[in-house]
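Asker: Structure provided below as structure tokens; questions to follow.
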Amino acid sequence: MSAAAVIDPQSPGSLPLRNEPVQARSTARLAALLDAAASVVDEIGYERLTTAMVAEKAGASIGTVYRYFPDRIAVLQALGARNLDRVLRRVHDELVDERHTNWLDALSSSFGVLVEAFRNEAGFRSLRVGDVIDIRPRASERTFNSVVADTLLDGLVSRFGVADTPETRFAFEVALEVSDSLASRAFVFDHSGDQAFLDAGRQYVYAILSQHFGAVENVS
């Protein structure tokens, strides 16, 4: 799922682009537009974003914005897709890190990736991976958080041989939704994240998943 992908209604995370960039210059221009959109969202939230704001922040013409995006919703969808792509890449790196010796270490570090995105990725606190954009009818039966959950669980199954059943997958998605909600709350007023909410998220996730994966010693 790269930033150059054209939207596929069956593929969460693909980008709703009018024109797919085929040259480095066009790719850089698209990245600059998304950076500008992220900056605006970081400042005022995604609800108030306009294509004119994106053009102004990027130092581009409004025509340049419309060359790639039909409307503001498409800009937000593309930004959410980029957030998703970055999160999945970083999560994968954590899951394969040999320093993690059990499922909880790997999962905690992977959730740490999400927390760092809240802290450091412009616009992520507001938009996250795009599920907050409520467009009906839904283009897919899966949410973007579902994609993250499946990626995480697939990695844990491959690395540590944890259980992989329909019940486990449901529990894992519940755990991710709980963590996402509490992380979102942690960053409402504190750009560093309210540690009490972040700690609560980790505790609830462990309580849910240890029933399926087994307890880990020395969990604080």
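Values in this text are rule-based calculations from the coordinates and carry no lab data. In this text, all values refer to a predicted model and were calculated from it rather than measured experimentally. Because the Cβ atoms are built from the backbone with ideal geometry, glycine has one as well, and the counts that use them run over all protein chains shown.
Asker: What's the FRET efficiency of Ser181 with Ser61 using the Cβ-Cβ distance as r and R₀ = 45 Å, to the nearest 0.05?
Answerer: So, using R0 = 45 Å, E works out to roughly 0.70.
Asker: Quick one: if you stick a label point 7 Å off each Cα along the C-beta vector at Asp71 and Ile135, how many nm between them?
Answerer: According to this spin-label approximation, the distance is 0.9 nm.
Asker: Okay, moving on. Test of understanding: extend the Cα→C-beta vector of Asn218 to 7 Å, then name every residue of the stretch 89-117 with backbone N under 19 Å from that spot.
Answerer: Output list for this probe position: 98-110.
Asker: Evaluate the distance, in nm, between pseudo-label points positioned 7 Å from the Cα of Arg159 and of Arg99 along their respective Cα→Cβ axes.
Answerer: Result: 1.2 nm between the two label points.
Asker: Loop by DSSP (not H, G, I, E, B), at most 15 other beta-carbon atoms within 10 Å: where is the longest site-free stretch of the chain for GluC sites (Glu not before Pro)?
Answerer: That gives 142-216 as the longest site-free run.
Asker: Just to check I understand the Karplus step: with θ = phi - 60° and J = 6.51 cos²θ - 1.76 cosθ + 1.60, what whole-Hz values come out for the stretch 95-101, glycine and proline as x?
Answerer: With coefficients 6.51, -1.76 and 1.60, one gets 5, 8, 5, 6, 5, 7, 9 Hz.
Asker: So if I take the centroid of the Cα atoms in the stretch 188-220 and the same for the stretch 29-94, what is the distance between those two points in Å?
Answerer: If we compute the Cα centre of each part, the gap is 31 Å.
Asker: Right, here's the next one. For the chain, what does the helix formula give at 222 nm: sum of -39500 (n - 2.57) over DSSP H segments with n ≥ 4, over the residue count, nearest 500 deg cm²/dmol?
Answerer: -21000 deg cm²/dmol
Asker: Applying the Karplus parametrisation 6.51 cos²θ - 1.76 cosθ + 1.60 with θ = phi - 60° to the phi angles of the stretch 45-51, what ³J(HN,Hα) value in whole Hz is obtained for each residue in order, glycine and proline being reported as x?
Answerer: Karplus-based 3J(HN,Hα) across the stretch 45-51 equals x, 6, 5, 9, 4, 10, 5 Hz.
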